Amino acid sequence: MSFERKKVVVLGAGYAGLQTVTKLQKLVSAQDCDITLINKNEYHYESTWLHEASAGTRSYEDCLYPIKNVLNNEKVKFVVAEVTKIDRDAKIVETSNGSFNFDILVVALGFESETFGISGMKEHAFQIENINTARRIANHIEERFAHYANASEKDEKDLAILVGGAGFTGVELLGELVEKIPALCKQYGIDQSKVKITCVEAAPKMLPMFSEDLVKYVVSYLEKRGVEFKIATPIVAANENGFVVKVNEQEEQLYANTVIWAAGVRGSKLMEESFEGVRRGRIVNREDLRIDGYDDIFVIGDCSAVMVGEGENKRPLPTTAQIAMQQGEFTAKAIKQLLAGEKLSKFEYVDRGTVCSLGSHDGVGVVFGKEITGKKAAFMKKLIDTRAIFKIGGAGIAYKKGKF
């Protein structure tokens with residue numbers, strides 16, 4: 001009697017996918033299953049550090065490492081390819097580098113920018129989507145400052161930066177920008193008072209996950225460093241001049257030569273093409289992170305919607321690296337249970353807190369139910385970021401790439 005090894009295919013090597021594979025390769029033997037990891041790049045990048053690479057406060061190389069460095073080659077086959085189609089019934093994944101059959105599939109395809117249909121946003125604003133877009137933003141900002149410094153006729157818009165969104169990403173980006181701008185001004189001999197950073201947010205409250213006190217701290221910190229906030233101000237369009245916003249039912253043009261959209265993400269577009277009941281690239285999970293009707297498919301990370309609460313208060317958890325990594329760990333154990341024919345347990349998310357950085361020396365957060373600000377928050381953020389690298393890549397990569 002021949003024993004057919006099960007084929008486990010993992011799509012995406014972000015926090016969720018890579019955590020699944022690095023954990024699973026420790027839990028199973030090469031005889032238990034064949035593991036294939038498919039990712040469009042040869043490297044993993046820390047997507048929670050993209051705001052630093054975008055502002056140019058951290059070099060993009062410091063935000064990534066080669067995926068093969070954390071894989072056990074005897075247990076995992078790594079394929080660099082773009083996933084083009086998931087046929088859930090035929091159990092085949094099609095990619096730019098061939099087709100792959102699966103017995104167990106883990107979909108962890110990550111996020112892309114969501115512009116909510118705002119006219120011109122995709123064409124005229126930078127999106128913080130991946131390491132390449134982050135590099136482009138940092139290079140563009142520096143080019144504008146250099147252009148201003150060297151131009152005989154100065155264009156004040158070269159020193160104007162518009163940031164759409166005062167959620168987590170927007171605020172962390174602003175924190176990095178106010179740290180980077182003084183260095184750029186010094187480098188190019190520019191009067192810093194001429195630089196204009198404006199943040200526009202449609203919602204009546206910024207950083208909804210935090211208390212009024214923490215939000216006040218953030219606003220005060222950033223305003224002191226030259227950021228102007230326009231809260232409860234919807235952006236109706238983006239164009240070659242900047243944003244068009246609505247103020248008291250009147251449309252108004254905001255001008256800048258650097259325009260960054262940091263207000264929304266969604267799961268991969270491939271989700272809608274592959275599954276029913278997908279909203280903004282996210283599908284509702286069962287309690288064990290599999291999806292309805294498919295006992296062999298797990299969906300985790302930014303493509304998943306883990307529901308919490310009861311009745312009318314039922315809502316999906318926000319997509320964060322913390323949740324993605326916990327899902328990855330859970331999925332690895334669940335696959336081992338599945339291979340052994342055991343009953344799967346229920347995914348329980350443990351919220352260890354949230355810290356929002358304001359540059360490298362300040363921040364705000366809630367950790368184990370306690371509010372923290374300033375240097376303590378900045379330290380916690382570095383600790384969280386370094387721990388994330390350690391949990392996936394081990395001590396060697398954490399030493400090289402961590403923040404201590």
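In table form, for the structure just shown:
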read-out: Cα radius of gyration and Dmax for the stretch 73-175 (Å); value: 20.6, 65
read-out: Extension reserve of the Glu310-Glu61 stretch, reckoned as 0.36 nm per residue once the Cα distance is removed; value: 85.3 nm
read-out: Under-5 Å amide H pairs with Tyr43, H placed in peptide plane, nonlocal only; value: Ile67
read-out: Aspartates and glutamates with Cα under 18 Å of Lys375, excluding same-chain neighbours fewer than 8 positions away; value: Glu52, Glu172, Glu176, Glu179, Asp213, Asp362, Asp385
read-out: Extension gain from Asn248 to Lys186, taking 0.36 nm per residue of separation minus the Cα-Cα distance; value: 18.4 nm
read-out: Proximal charge balance of Val364 [Cβ under 11 Å; K/R count +1, D/E count -1]; value: -1
read-out: Order by protection proxy (mean Cβ within 10 Å, highest first), peptides 305-313, 325-333; value: 325-333, 305-313
read-out: Principal semi-axes in Å for the stretch 114-168 [√(5λ), Cα gyration tensor, largest first]; value: 25, 14, 10
read-out: Distance between the stretch 272-300 and the stretch 114-148 - C-alpha centres, whole angstrom; value: 31 Å
read-out: Point-to-point label distance, Lys346-Ala395, nm (Cα→Cβ direction, 7 Å offset); value: 3.8 nm
read-out: Taking N as its residue count, the alpha carbon Rg of the stretch 1-145 over 2.2 N^0.38 Å; value: 1.24
read-out: Burial ranking of peptide ranges 368-380, 15-27, 342-354 (average Cβ count within 10 Å, highest at the top); value: 15-27, 368-380, 342-354
read-out: Compactness of the chain, expressed as Rg and Dmax over alpha-carbon positions, Å; value: 22.2, 82
read-out: Rough spin-label spacing in nm, given labels placed 7 Å along Cα→Cβ, for Ala151 and Glu94; value: 4.8 nm
read-out: Cα long-axis angle, helix 15-27 against the chain (0 to 90 degrees, to the nearest 10); value: 30 degrees
read-out: Alpha carbon centroid spacing (whole Å) that separates the stretch 336-404 from the stretch 177-235; value: 26 Å
read-out: Ordering of 176-182, 205-211 by burial proxy (mean other Cβ atoms within 10 Å per residue, highest first); value: 176-182, 205-211
read-out: Percent RCO, i.e. relative contact order, over the chain, from Cα pairs under 8 Å lying at least 6 residues apart; value: 19 percent
read-out: Residue-averaged [θ]222 nm for the chain, counting only DSSP H segments that reach four residues, each worth -39500 (n - 2.57); value: -10500 deg cm²/dmol
read-out: Spherically averaged projected area in nm², based on the convex hull that wraps the Cα atoms of the stretch 137-180; value: 3.2 nm²
read-out: Proximal lysines relative to Lys194, as straight alpha-carbon distance under 18 Å, when same-chain residues fewer than 8 apart are discounted; value: Lys154, Lys157, Lys180, Lys186, Lys224
read-out: Whole-angstrom Cα spans of the stretch 121-263 along principal axes, big to small; value: 44, 30, 30
read-out: Linear extension gain, Lys7 paired with Asn41, 0.36 nm per residue minus alpha-carbon span; value: 10.1 nm
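The numbers here are math on the coordinates, done by the rules we state, and not lab data. Just so we're clear, the structure is a prediction, and the values are computed from it rather than from any experiment. Virtual Cβ from ideal backbone geometry, glycine too; neighbours counted across all protein chains shown.
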